[in-house]
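Input: a single structure, listed below in structure tokens.
Every number in this text was worked out from the coordinates using simple rules, so none of it is lab data. As the structure is a prediction and not an experimental result, all values here were calculated from the model. We place every Cβ from the backbone using ideal geometry, glycine too, and count neighbours over all the protein chains shown.
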């Protein structure tokens, strides 16, 4: 049976097709590759893709998902409760709406979230 | 014997979020073997081409990263010698009893200016699998996965690497094989205690105590290609490569373990002798130094660490 297909909306930038069991970040990277994410002033933040580095922090504004373990250096228990997660560690269970968040380490340095393309 | 004192990287203790996933990754994919699991849940791994008890320690934690990088010394008396040298330098030394890790003798430990814990030890039991020493075959146990032959080095990120350089040269007898100097100062150093182009390396970074990667040595460039095939087949998160470093000349691929700790498998690199001068790089050629074929840093090189 084909996996269920969802839509992930990245606020202000467009939408990506995502499949059940697929990391949300992987779906966003694919959409970026196809040029489907518009008005991205900067590169989609992609790091280790496995929950350790924290650069792909997002806030889930709406939708259902499941998640893998994520490094507490980057997502506190309170963050997780509030839907602040790493896009590489969540898997959609419905359509999702996400907003990019500033990574913890970048925020600590008082810098902006994303790197120039 | 020309190499005395600190000989080589012995083991590194890595924090992982999910131990079973990490064990599967480091054994089936990197090609290591599990030696044992300790009573506290830490898992000890080695390459079949290594004699010593273990070279990788996996500790379950809620944050990824590195606990300690440990170097093996030639003699037990070296531990007393370096304890005095480190204390005389002005750095506090602590002691870890023999057996705190299975098969490993007493250790001394200290924290360097970049915020990393470094340990020294002189004794390790041998463990199986290991090479035979009488009429040995090229391998005793058939290589699997990426066929890593040994833990080779680590690259660590933190502040004050000028101080690290001075400390490693003056207190630990390391030499600087290569360095990158940017207009605003020292960016990176590759340090050796033996005949490899690097045994440990540091890059300047605001946050202390971070891990950039742990590296395993492979037999040759073909093995790096095979590792790349494994990375794709098993959907391992890849960072960059296969490519080559200008610095050290290693042929390499970077990828991430299931907790987001970066790993490297690489082949080649030049032989270092203690009389060789330090090779230096500047801002104009830094891209070629780090990734020789791309000739530019990828966005993750200076920003993605665990």
Note to self: From the P(r) of the stretch B:6-121, could you give the percentage of C-alpha pairs in the tail past 25 Å?
What the structure shows: 24 percent
Item checked: Hydrodynamic radius (Kirkwood) for the stretch B:131-237, which is based on Cα pairs only, to one decimal in Å -> 16.2 Å
Notebook entry, point to check: Counting partner chain Cβ atoms within 10 Å of every residue's Cβ in A:70-83, what's the average?
Noted result: 3
Note to self: For a quick check: sort B:182, B:146 by the number of other beta carbons within 10 angstrom, fewest at the front.
What the structure shows: B:182, B:146
Margin query: Order these by the 10 Å Cβ neighbour count, fewest first: B:144, B:134.
Written below: B:134, B:144
Checklist line | Largest to smallest principal axis extent of the C-alpha atoms in the protein assembly as shown, angstrom | finding: 64, 49, 41
Check: Taking N as the number of residues in the stretch B:180-271, what is its alpha-carbon radius of gyration divided by 2.2 N^0.38 Å?
Finding: 1.15
Notebook entry, point to check: Over the stretch B:78-214, what is the mean sequence separation of C-alpha contacts under 8 Å (at least six apart), divided by residue count, expressed as relative contact order in percent?
Noted result: 22 percent
Notebook entry, point to check: Which of B:220, B:164, B:261 moves most in a GNM of chain B, Cα contacts under 10 Å?
Noted result: B:220
Next item on the list: With r as the distance between the Cβ atoms of residue A:97 and residue B:62 and R0 = 30 Å, compute the FRET efficiency 1/(1 + (r/R0)^6) and round to 0.05.
Entry: 0.60
Checklist line | Virtual spin-label span in nm between residue B:92 and residue B:169, 7 Å along Cα→Cβ | finding: 2.8 nm
Margin query: Just want to confirm a number: the relative contact order over the stretch B:1-74, from Cα pairs under 8 angstrom separated by 6+ residues, in percent.
Written below: 48 percent
Next item on the list: Calculate, for residue B:296 and residue A:40, the FRET efficiency according to 1/(1 + (r/R0)^6) with r their C-beta to C-beta distance and R0 25 Å; round to the nearest 0.05.
Entry: 0.80
Checklist line | Distance (nanometres) between label positions extended 7 Å along Cα→Cβ at residue B:182 and residue B:4 | finding: 4.0 nm
Checklist line | Averaged over B:296-304, number of beta-carbon atoms from partner chains that fall within 10 Å | finding: 4
Notebook entry, point to check: Which distance in nm do the two modelled labels at residue B:283 and residue A:19 give, with both placed 7 Å along the Cα-to-Cβ direction?
Noted result: 4.6 nm
Check: Taking chain B as a Gaussian network, Cα atoms linked when under 10 Å apart, which of B:213, B:53, B:226 shows the biggest mean-square fluctuation?
Finding: B:226
Check: Once you sort the root eigenvalues of the Cα gyration tensor of the stretch A:5-108 as a ≥ b ≥ c, which label holds: rounded (a/c under 1.5), prolate (a/b larger than b/c) or oblate (the other case)?
Finding: oblate
Next item on the list: Please identify, among B:39, B:113, B:258, the residue showing maximal mean-square fluctuation in a Gaussian network model of chain B using a 10 angstrom Cα cutoff.
Entry: B:39
Margin query: Can you say what percent of the DSSP beta bridges in the stretch B:55-203, counting only those with both residues inside, are antiparallel? Round to 5.
Written below: 70 percent
Note to self: I need to check one value: relative contact order of chain B, counting alpha carbon pairs closer than 8 Å and at least 6 residues apart, in percent.
What the structure shows: 17 percent
Next item on the list: Evaluate peptide A:50-63: per residue, the Cβ atoms of other protein chains within 10 Å of its Cβ; return the mean as an integer.
Entry: 5
Check: Which value at 222 nm does the protein assembly as shown reach when only helices count, each DSSP H run of 4 or more adding -39,500 (n - 2.57), with the total divided by all residues and rounded to the nearest 500 deg cm²/dmol?
Finding: -4500 deg cm²/dmol
Notebook entry, point to check: What fraction of the DSSP beta bridges in chain B is antiparallel, stated in percent and rounded to the nearest 5?
Noted result: 70 percent
Notebook entry, point to check: If each residue's Cβ is checked for other Cβ atoms within 10 Å, how do B:230, B:104 rank with the fewest at the top?
Noted result: B:230, B:104
Next item on the list: Just check chain B against the gyration tensor rule for me: Cα atoms, a ≥ b ≥ c as the square roots of the eigenvalues, rounded for a/c under 1.5, and otherwise prolate or oblate depending on whether a/b exceeds b/c.
Entry: rounded
Next item on the list: Specify whether the C-alpha gyration tensor of the stretch B:249-306 places it in the rounded, prolate or oblate class, a ≥ b ≥ c being the square roots of the eigenvalues: rounded for a/c under 1.5, otherwise prolate if a/b is larger than b/c and oblate if not.
Entry: oblate
